[in-house]
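Notes follow the structure.
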Amino acid sequence: MKISDFWRLLLYVALGATLGALGGQALLGVVLSLLAYIWHLHRSLIGLLNHVNGASSDQSPKESGVFEEINYSISQLFNRHKSRRQRLTAVLRQFEQATAAWPDAIVILNQTDDIEWANPAARHLLDVRWPEDKKQRITNIIRIPALREFISSTGNTEEQTVDIISPLQPDVHLSALTVPYSKTHKIFTARDVTEIYRAIKVRSDFVANVSHELKTPLTVFRGYLEALTIQSDICPPTWQPALKQMTEHSLEMSNLVDTLLNLSHLEESQIPADSEPIDIKLLLEEVVKATSQIYKEKNHALTIHIDSQKKLTGSRVELYSAVSNLTFNAAHYTPKDGAISIRWYQQDAYLVLEVKDNGIGIAEEHLSRITERFYRVDNSRTRTEQGSKNGLGLAIVKHVVRRHSALLNITSELGRGSCFSIKFKQ
Ligand code: ADP
């Protein structure tokens, strides 16, 4: 009890006792004065309660004693709370302004992929409207199968992004990305990559056109070379070594042109040219047969494990090309007496085709780039019995994998070997 409260109580009691004594009822006067004091306390408590519920420092009731102090503390608390709220509101407003100006679509999703928040760009890029679409599942709004799989597999796959077409603007290409930021939430973003897409298209159209234009003159050129080589009467023997070299180079160039045309064709669409059930065991046998000469020459220990009898649905021609590129690379980049293993097995919901070698391996800094067209770790041109190494093999593998909605995983260690695996969804 504060001292002022003590004096007030004493005043009440003294006043009650005096007035009671005047009427000859001193005790009654004291009891009544105590009742009056309790009534005063009750009023003060109600005032305090109203102050707290009013949640405002302005409504502070005029009190004295301990109630004055409690009111003062509550007012201080309110003031601190108010300024913290103002600071938070300012930060939130700034965040809203920044995300509103941000050109990429940003959507926050909860653990069931329901929309918790979206910025204005999400409206015109993805047709996700905030706040109208609050708590809607994102895959019910953007009905793109590739995106559904991508979002549901966040964190379980090596794929970081997926390319989709904007649901509102068919000529706008988007690169989507999801980033989990807590156990339950993730950020989904989509960036307009139409310009990059156009540049890639211009480049691949150019390569396809040039390759196409080169094909006919090369065929004519090779025809004449062949004729000159056979008809020794029109070409003196001293020219034969030069003719042989020209024939080899023109063949190499024809192969390059064919590979480039094949690559352009693979880049054109995201689905395989045809689709049929494929017996992987037979396909692997064929591929190995075509590469057997190099295995023999280098005394490679080759093992093939077929651990799943499941067939794969896809384009036979495309898959043959991808697998033969991998097996040929394994043979080429593995020194004499090395070991190569090829496996076909099931892993959870995937069927996996794996080509592993204990060859020269690839340094980490090259791993992210080796599937780019023309990218080679060793830039010197290498010619083999099967044609020249031109850095297009893994680019073909990448596109075949993409067209079969599969995933390509590459692990390698310099000097210890490499492992290329293709994971097909069952
Ligand atoms: P290339 O025609 O040069 O083999 P690829 O596109 O098939 O072109 O491969 C790109 C590069 O990746 C190669 O130049 C090579 O450096 C590296 N590479 C591919 N496969 C292997 C492998 N099994 N072992 C080591 N390096 C490899």
### Task
Considering (1) more than 30 Å from Arg343 (Cα to Cα); (2) at pLDDT 90 or above, say which one Thr229 fails and leave the rest.
(2)
## Note on the structure
Ser405 fails exactly one of (1) closer than 17 Å to Asp279 by Cα; (2) surrounded by fewer than 18 Cβ atoms within 10 Å (Cβ to Cβ), namely (1)
### Task
Could you grab me the full set of residues in region 303-324 that are within 16 Å of Ile271 (Cα to Cα) and of a type in the set (A, V, I, L, M)?
Leu312, Val317, Leu319, Ala322
### Task
With the checklist (1) farther than 30 Å from Ile164 by Cβ; (2) polar (S, T, N, Q); (3) open to solvent by 100 Å² or more (accessible area, probe 1.4 Å) in hand, flag the one item Asn71 doesn't pass.
(3)
### Task
Restricting attention to region 357-379, report how many residues are more than 9 Å from the ligand (Cβ to nearest atom) and either assigned to a strand (DSSP E or B) or within 27 Å of Glu285 (Cβ to Cβ) (or both).
1
### Task
Quick one: Leu319 ticks every box in (1) more than 8 Å from the ligand (Cβ to nearest atom); (2) modelled with pLDDT under 95; (3) within 19 Å of Leu263 (Cα to Cα) except a single one, so which number is it?
(2)
#### Entry: Test: residue in region 51-61 that is surrounded by 14 or more Cβ atoms within 10 Å (Cβ to Cβ), at pLDDT 85 or above and farther than 26 Å from Leu11 by Cβ
no
### Query
Can you name the condition, by its number, that Leu263 falls short on among (1) assigned by TED's automatic domain parsing to the domain that holds Val401; (2) of a type in the set (A, V, I, L, M, F, W, C); (3) touching a residue at least 60 places away in the same chain (Cβ under 8 Å)?
(1)
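Among residues belonging to region 340-349 that are open to solvent by 50 Å² or more (accessible area, probe 1.4 Å) and on the phi < 0 side of the Ramachandran plot, point out the one that is farthest from the ligand (Cβ to nearest atom).
Among those that are open to solvent by 50 Å² or more (accessible area, probe 1.4 Å) and on the phi < 0 side of the Ramachandran plot, it is Ala349.
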### Query
Do we find a residue being charged (D, E, K, R), in contact with a strand residue (DSSP E or B) (Cβ under 8 Å, 6 or more places away or on another chain), touching a residue at least 12 places away in the same chain (Cβ under 8 Å) and not assigned by TED's automatic domain parsing to the domain that holds Ile144 anywhere in region 295-303?
no
### Query
Which condition number does Arg369 fail, the rest of (1) in contact with a Lys or Arg (Cβ under 8 Å, 6 or more places away or on another chain); (2) within 16 Å of Val397 (Cβ to Cβ); (3) among the basic types (Lys, Arg) being met?
(1)
### Query
What's the number of the condition Val288 fails, among (1) aliphatic (A, V, I, L, M); (2) part of a helix (DSSP H, G or I); (3) within 14 Å of the ligand (Cβ to nearest atom); (4) over 30 Å from Ile144 (Cβ atoms)?
(3)
### Query
For the subset of region 380-397 comprising residues that are at pLDDT below 90 and in a loop (DSSP other than H, G, I, E, B), which member is farthest from the ligand (Cβ to nearest atom)?
Glu385
### Task
Of the numbered conditions (1) away from the ligand (no atom under 16 Å from the Cβ); (2) assigned to a helix (DSSP H, G or I), Asn329 fails exactly one; give the number of that condition.
(1)
#### Entry: Condition broken by Leu282, with the remaining ones in (1) open to solvent by 30 Å² or more (accessible area, probe 1.4 Å); (2) under 20 Å from Gly393 (Cβ atoms); (3) not in a loop (DSSP other than H, G, I, E, B) satisfied
(2)
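The values are calculated or read from the model by the stated rules, or taken from the named source; none is laboratory data. In this text, all values refer to a predicted model and were calculated from it rather than measured experimentally. As a convention, Cβ positions derive from the backbone with ideal geometry for all residues, glycine included, and neighbour counts pool all protein chains shown. Each accessible area value is taken on the protein alone, full model and side chains, heavy atoms only, with ligands, DNA and RNA left out. Shrake-Rupley method; radii C 1.70, N 1.55, O 1.52, S 1.80 Å.
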